[in-house]
Amino acid sequence: MKTKDELIDDLLTLAFAEDVGDGDHTTLSTIPADEKGTQRLIVKEEGILAGVEIAHKVFEKFDPELKMTVYINDGAHVKPGDIAFEVEGTVRSLLQTERVMLNIMQRMSGIATQTAKYQQRLEGLKTKVLDTRKTTPGMRMLEKEAVRIGGGCNHRIGLFDMILIKDNHVDFAGGIRQAVEAARNYCKEKGKDLKIELEVRNNDEIRQALEVGVDRIMLDNFSPERTREAVKLINGQVEIESSGGITLDTLREYGECGVDFISVGALTHSVKGLDMSFKAVR
């Protein structure tokens, strides 16, 4: 299985292949090969900055001679006019890396900004906001990193690093006990140390989950009233996650029920990028 760094490197390879192709012919035809210059990343919208470390990987991968000077780091609150960093080197390299870097930074910063808004709604509570697998194909590592930068927590990265038994798994396996015991046996046979989370639909399934034993119970599409009942029933025996249709407006009400986590697909699946530009220093 590939590491996080290897996946990011693959993403950058694809990004340059689809954007630069066999060369930026506009730049190659108008800018001399030895022309040197500097560009700076200018923030144009208030939010949380994310992607600075990845931007460094972008420049380094395309041209190791590019020199990046960072003024604002990942996780900082930024406002219009702030200069996050400057990059110095050949103008051809600056122009050919511009769009790939901006696409990544704008999206990551938008996700970090969105996450911060959600987590702020839970201020004073133990509840943490979680991301989901509803991410842009190929960009999951970066998008989940942006959630972390914004103050949220990462759920499982993919299908490989946690067992999440959902309603379809339960129904196909023949019941909760059968599904959980099969998962536990599988982990033992394969030598895997994976947490087991179970999605439940009602209080009866919660009782079954507590009987068979799991690490976390996911309350799927529970109302706040049903969530309070469930939290009381579970009584701190396992971690509790709320999921399903929870919005920024309803988030705190669920948090006040006493759940440990709230998973929100909107952190990544429909976020607006943070506005910024990469301009020449004259």
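The values are calculated or read from the model by the stated rules, or taken from the named source; none is laboratory data. Computed from a prediction, not measured in an experiment: that's the story for all the values here. Counting neighbours? That spans all protein chains shown, and the Cβs are built from the backbone with ideal geometry, glycine included. With ligands, DNA and RNA removed, areas are computed over all heavy atoms of the protein, side chains included. Shrake-Rupley method; radii C 1.70, N 1.55, O 1.52, S 1.80 Å.
Brief remarks on what is shown
- Of the listed requirements (1) under 27 Å from Glu123 (Cβ atoms); (2) not in a helix (DSSP H, G or I), Phe278 misses just one: (1).
- Pairs with Cβ under 8 Å, 6+ apart, first in region 234-262 and closer than 18 Å to Gly213 by Cα and aliphatic (A, V, I, L, M), second open to solvent by 60 Å² or more (accessible area, probe 1.4 Å) and at pLDDT 95 or above: Val238/Asp215
- Hey, Lys2 modelled with pLDDT under 95, open to solvent by 50 Å² or more (accessible area, probe 1.4 Å), over 25 Å from Thr115 (Cα atoms) and of a type outside the set (Gly, Ala, Ser) or not: yes
- Flag for Thr26 being among the hydroxyl-bearing types (Ser, Thr, Tyr), modelled with pLDDT of 95 or more, over 19 Å from Thr135 (Cα atoms) and not in a loop (DSSP other than H, G, I, E, B): yes
- Qualifying positions in region 72-98 - touching an Asp or Glu at 6+ places or on another chain (Cβ under 6 Å) and closer than 30 Å to Pro32 by Cβ: Gly89, Val91, Ser93, Gln96
- Residue in region 213-220 that is charged (D, E, K, R) and in contact with a Gly (Cβ under 6 Å, 6 or more places away or on another chain) present: yes
- Screening region 89-195 for helices (runs of 4 or more DSSP H) wholly inside it with 1 or more residues that are open to solvent by less than 80 Å² (accessible area, probe 1.4 Å) and in contact (Cβ under 8 Å) with a residue 60 or more places away in the chain returns the ranges 91-121, 140-149.
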